[in-house]
Each structure stands twice: as C-alpha cells, then as structure tokens.
1. Right, ARG297: more than 23 Å from GLY224 (Cβ to Cβ), surrounded by fewer than 17 Cβ atoms within 10 Å (Cβ to Cβ) and either out of contact with any Ser or Thr (no Cβ under 7 Å at 6 or more places or on another chain) or at pLDDT 95 or above (or both) or not?
2. Of the residues ALA208, ALA213, only one is touching a Phe, Trp or Tyr at 6+ places or on another chain (Cβ under 6 Å), at pLDDT below 95 and of a type outside the set (Asp, Glu); which?
3. Could you please give the count of residues in region 79-106 that are touching a Phe, Trp or Tyr at 6+ places or on another chain (Cβ under 7 Å) and either of a type in the set (S, T, N, Q) or surrounded by fewer than 22 Cβ atoms within 10 Å (Cβ to Cβ) (or both)?
4. Among the residues of region 185-211 satisfying the criterion of being assigned to a loop (DSSP other than H, G, I, E, B) and within 15 Å of the chain's Cα centre (by Cα), which is surrounded by the fewest Cβ atoms within 10 Å (Cβ to Cβ)?
5. Filter region 158-184 down to the residues that are of a type in the set (A, V, I, L, M), crowded, with 21+ Cβ neighbours inside 10 Å and free of Cβ contacts under 8 Å to residues at least 40 places away in the same chain and list them by number.
6. From the list GLY12, GLY72, pick out the single residue that is assigned to a loop (DSSP other than H, G, I, E, B) and either among the β-branched types (Val, Ile, Thr) or closer than 20 Å to LEU137 by Cα (or both).
7. Which of the following residues is buried (at least 18 other Cβ atoms within 10 Å of the Cβ) and at pLDDT 95 or above: ALA75, ALA40, ALA30?
8. Would you tally the residues in region 227-248 being touching a residue at least 12 places away in the same chain (Cβ under 8 Å) and either of a type in the set (Val, Ile, Thr) or surrounded by fewer than 20 Cβ atoms within 10 Å (Cβ to Cβ) (or both)?
Amino acid sequence: MRIDELLRASAGPLFSFEFGPPRTPEAELALWQAVEELRALDPAFVSVTWGAGGSSRGATLETVRRMHELHGLEAMPHLTCTGSTRDELRALVRAIAADGIDNLLALRGDPPRDGRDVRELSGAAELAALAAGEAGLCVVGGCYPESDELDYVRAKVDAGVSVLITQLFFDNADYLRFVDRLRAAAIDVPVLPGIIPITNAGQLQRLASMCGASIPPALEREVGLRADDPRALEDFGVAYATAQCAQLLAAGAPGIHLYTLNRSPATRAIVSALRSGHAARPAGNSARAGRSVGLRR
C-alpha cells in the first residue's frame, strides 16, 4: 500500500524502520534476525538504503523483495541518481513496480568512491518526476530539518513527492521550525521525523559529521559522562530517543521513522515504551513539546 495512503487512513501515529543491505554473511544473519524481531512490532513500512554510487543496488533490491514477499512487510527501496543513466533508472523503477512494491524513496545520492559518475539526472526532484511518471509509485523524499532550502523541498513536492522523511536530528526544535516553515510556504505534505538512538560514544560524532546534524550541548555532555559505561550509554540513548519521539508525536508528527542500523533491541525498546505510554524523559533533553504543527490530515 502507498505510504501516503497509509498516513491518510491511519487513526494514530505510524512507526517505520530503516535497514541497510548486508555486506557479509554474518551481517546477513544479523539483519534477518533483526527483521523478524522488529516485524512483531507491525511497522507501517520499512526502507532499505542504497549504497554510494549505487554500490548496493542488487543487494538493496533483493533485500526489499525478500522483506516484501517472505516477511510480509511494506518494503521501500531507496534509489539515487548516481551511478545510473536515465534509461537505467527507468528500468529500475519498472522492475521495482513489477515486484509489487508501491513506494520508493528518491534521493540525489553520494557520488561513487572512484569519482566516476554517469548520472544524467540533476537531483532528487528529477528522479521523483521520473519515478512518479514511469510507474505511478508513491514517491517519498528526504529532507534536512536543520538546513534544507524550501525551494529544494518545493521542487521535490512539485515533481511528485507526497511524503517527506527527515535526516536524523537530535533537537526537536529543529524539526518543529522546519515544519512551521513548510506550512508557511504552503508545502503541506506529511513530514516523518527520522530518529536514531545513540548506543555508543563514537557514534554520536560520526553520525553528526556524516549527516550535518548539530549536537545539543546537553546531549553531548550526557553521552560523555557515560562514554566508559556501554550499558549506561545505551540505556541513556534509548531514553533520549524515546523522549524525542514522545514529544514529536505530542506535537503532531504523523509518525516516527527509526534508523535501526540493522539491530533490534533499541528500536524494540523505543516503540514498546511509546505504545505503552511509558516514555521517560532523560536528563539534558532540550526538545520542546506540546505544540501542534498541523501534520495530521
């Protein structure tokens, strides 16, 4: 089912999960164990990432097919402009639709590591237009709540994007301001916040650097205090992410998209706490709550 239709039909918030295609036999075993454990949470959909320059193309599509056909999940592949010609992208979109997949996340993508890029599309908006026109898929777009220019977002929506998922962020105020800016500019598609639980000290700086996310000083301090205690840090990371999610949902977010890193414990803990109503607020969480941002429709 199309994600935009799922959002319109839902009486409550949706939960969705992101996975990455496995690179080794050991990673493959871990992935499918996590998928089975998280499937029990009945996610609205799951997504599978696409490597730099299309490096994981085959693995991504095979993982999506297996999730869809064997595990009964509404699975969505990421697709990027890099490493593919226009005709190759058309063929990929047709193949995705032929497999019974209804959704696709259209991204610009990182260039290949060898520096050789055969891309013929200029960016995610052009890819979204191709996907929407080629197979009638629900096209989902990415966005950066801390930095995205509204002209880029509008171009994606005008091209056919009907749902946005944010890059990860650690301060809910960034998401709330971003959605306010969208609505003021009459951009009215649902915006799913992307959240990741911090489970080790090095992960925080690495993810922030990769994704351009800022780190609230209080969060950095609390992570540093637990840097030598992995269990305490993991517990804090889960509590912080759970509080983020609870506050976002209270503010009107239509759901939560959780970045799993192909592991299930933190995601299981977050979703279980949210559904049970036991969402603790950790020390140092600077996110705001209690303000409607008009995302339900």
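The values are calculated or read from the model by the stated rules, or taken from the named source; none is laboratory data. In this text the structure is predicted, and so the values were computed from the model without any measurement. Backbone-built Cβ (ideal geometry, glycine too); neighbour counts: all protein chains shown.
1. It is true that ARG297 is more than 23 Å from GLY224 (Cβ to Cβ), surrounded by fewer than 17 Cβ atoms within 10 Å (Cβ to Cβ) and either out of contact with any Ser or Thr (no Cβ under 7 Å at 6 or more places or on another chain) or at pLDDT 95 or above (or both).
2. ALA213
3. Final tally of qualifying residues: 2.
4. Our first condition is that a residue be assigned to a loop (DSSP other than H, G, I, E, B); within region 185-211, this holds for 185-190, 193, 196-200.
Restricting the remaining residues to those that are within 15 Å of the chain's Cα centre (by Cα) gives 190, 193, 196-197.
On the way: PRO190: 22, PRO193: 29, ILE196: 25, PRO197: 25.
Applying the filter and picking the extreme gives PRO190.
5. Answer for region 158-184, where residues must be of a type in the set (A, V, I, L, M), crowded, with 21+ Cβ neighbours inside 10 Å and free of Cβ contacts under 8 Å to residues at least 40 places away in the same chain: ALA159, LEU164, LEU182.
6. Criteria check complete, one pass: GLY72.
7. ALA75
8. Counting residues in region 227-248 that are touching a residue at least 12 places away in the same chain (Cβ under 8 Å) and either of a type in the set (Val, Ile, Thr) or surrounded by fewer than 20 Cβ atoms within 10 Å (Cβ to Cβ) (or both) gives 5.
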